[in-house]
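Comments concern the structure below.
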Amino acid sequence: MKKKILIIYTGGTIGMKRTDKGYAPSRFLGEAIAEIPDMKSDSAPDWELVEMSPLLDSSDVTVKEWNKIARLIYDNYADFDGFVVLHGTDTMAYTASALSFILEGLDKPVVLTGSQIPLSEIRSDGRDNLVTSLLIAADGVAREVCLYFSGKLLRGNRAVKMSADDLVAFDSPNYPHLADVGIAVKYNYSAIGVPSGMPLALRLLSEVPIGVLKVFPGIQFGLFESIMTEKLSGIVLETFGAGNIPSDCGALIPIISRAFECGSVVTVCSQCPSGTVTLGAYETSSALKSAGAVSGSDMTTEAAVAKLYYLFSLGISKDEIKEKMEKNLRGEMS
């Protein structure tokens with residue numbers, strides 16, 4: 001019996017057409033997909049397409065859309081063997097990370113993909129990305145939230161966008177590929193997560209205020225004080241290297257202390273694509289730990305943001321959130 005896959009189109013480059021103002025999402029995708037010979041092959045699984053409304057450029061995707069995508073998967077979970085989410089590349093890694101937390105107990109493949117060149121163009125990477133994602137979803141090997149792009153199957157909450165114009169747009173610098181696709185799909189079974197065995201639960205996210213602050217040479221932390229101490233529940237601080245900040249920026253430490261006292265959780269991630277934050281490894285990072293910041297270890301910023309949304313949405317205490325930010329919940333950190 002053929003597998004059955006639900007394709008969810010959210011918007012993004014893969015389904016865009018040229019307009020007078022540049023590329024914009026269009027509702028031609030169902031027709032375009034139906035014209036791809038491989039999608040009608042006897043070797044392809046059966047599939048259905050659902051188009052979200054409105055279709056969005058991924059730069060406009062918010063917590064609301066993450067919840068809508070997750071709800072579609074949850075509501076159709078019993079009727080399909082896997083899911084392919086067509087999404088714009090700019091925030092695809094954020095959505096993949098968010099879905100990994102929302103869909104607790106997931107035991108079927110959810111594969112996000114898209115393209116750098118629209119299907120409406122004569123030369124589009126979208127065809128291969130779509131067809132391969134469909135086959136991976138039907139294989140049922142990687143039963144987690146994944147991201148497939150240009151021959152690489154990545155864990156969704158480990159993926160980062162590496163290039164704005166290369167066809168090989170994504171990678172997971174701190175985690176092995178779940179599969180590499182050439183003539184065959186070569187799964188890396190040791191890297192693929194083992195489902196929990198629990199029934200699927202939908203943990204919808206609340207729109208709590210989350211911020212990201214990137215440290216740079218000469219940064220004046222005092223300019224951000226009013227935001228960090230009063231208005232943000234969660235803060236991702238992108239530091240240098242293994243968690244370092246400029247040693248002459250003493251203003252940051254009391255700001256973080258006050259932020260923590262006001263209920264904020266400050267998570268330290270590295271600006272380096274590869275590597276791990278180790279607070280206290282250097283003198284300049286010890287003060288962050290003392291002030292109440294937590295280590296994001298080797299999490300991506302995208303995963304850290306999604307995890308903060310998830311934990312604050314659970315309604316647990318600030319101390320529990322701090323504790324869980326430093327624990328691996330969905331394979332997002334080592």
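Restricting attention to the range 109-130, which residues are surrounded by 19 or more Cβ atoms within 10 Å (Cβ to Cβ) and either closer than 30 Å to Met325 by Cα or of a type in the set (Val, Ile, Thr) (or both)? Within the range 109-130, Pro109, Val110, Val111, Leu112, Thr113, Gly114 meet the criteria.
Here the range 78-94 is the region considered, the condition is being farther than 26 Å from Ala34 by Cα and of a type in the set (Ser, Thr, Tyr), and the residue that is most open to solvent (accessible area, probe 1.4 Å) is Tyr94. Contact annotation: residue pairs with Cβ atoms under 9 Å, 6 or more positions apart or on different chains, pairing a residue in the range 34-58 that is in contact (Cβ under 8 Å) with a residue 60 or more places away in the chain and within 13 Å of Lys3 (Cβ to Cβ) with a partner that is among the basic types (Lys, Arg) and assigned to a strand (DSSP E or B), are Pro45/Lys4; Trp47/Lys4.
Note on the range 64-77: residues that are in contact (Cβ under 8 Å) with a residue 24 or more places away in the chain and either open to solvent by 60 Å² or more (accessible area, probe 1.4 Å) or in contact with a Pro (Cβ under 6 Å, 6 or more places away or on another chain) (or both) total 3. When Val61 is tested against (1) open to solvent by less than 10 Å² (accessible area, probe 1.4 Å); (2) under 13 Å from the mean Cα position of the chain (by Cα); (3) at pLDDT 95 or above, only condition (1) is not met. Taking the criterion of being in contact with a helix residue (DSSP H, G or I) (Cβ under 6 Å, 6 or more places away or on another chain) and surrounded by fewer than 24 Cβ atoms within 10 Å (Cβ to Cβ), the residues of the range 260-269 that qualify are Cys262, Gly263. With respect to (1) open to solvent by less than 20 Å² (accessible area, probe 1.4 Å); (2) of a type in the set (Gly, Ala, Ser); (3) over 14 Å from the mean Cα position of the chain (by Cα); (4) closer than 30 Å to Ser233 by Cα, the lone exception for Ala191 is condition (4). I'm told Ile7 meets every condition in (1) modelled with pLDDT of 95 or more; (2) open to solvent by 80 Å² or more (accessible area, probe 1.4 Å) except one. Can you identify the failing condition by its number? For Ile7, the exception is condition (2). Flag set for Leu56, criterion: more than 23 Å from Leu135 (Cβ to Cβ) and of a type in the set (A, V, I, L, M). Within the bounds of the range 296-306, is there any residue that is at pLDDT 90 or above and touching a Leu at 6+ places or on another chain (Cβ under 9 Å)? The answer is yes, given that some residue of the range 296-306 is at pLDDT 90 or above and touching a Leu at 6+ places or on another chain (Cβ under 9 Å).
The values are calculated or read from the model by the stated rules, or taken from the named source; none is laboratory data. If you're wondering where the values come from, they're calculated on a predicted model, not measured in any experiment. Ideal geometry is used to build each Cβ from the backbone, glycine not excepted, and the neighbour counts take in all protein chains shown. Please note that ligands, DNA and RNA were not included when accessible areas were found on the heavy atoms of the full protein model with its side chains. Shrake-Rupley method; radii C 1.70, N 1.55, O 1.52, S 1.80 Å.
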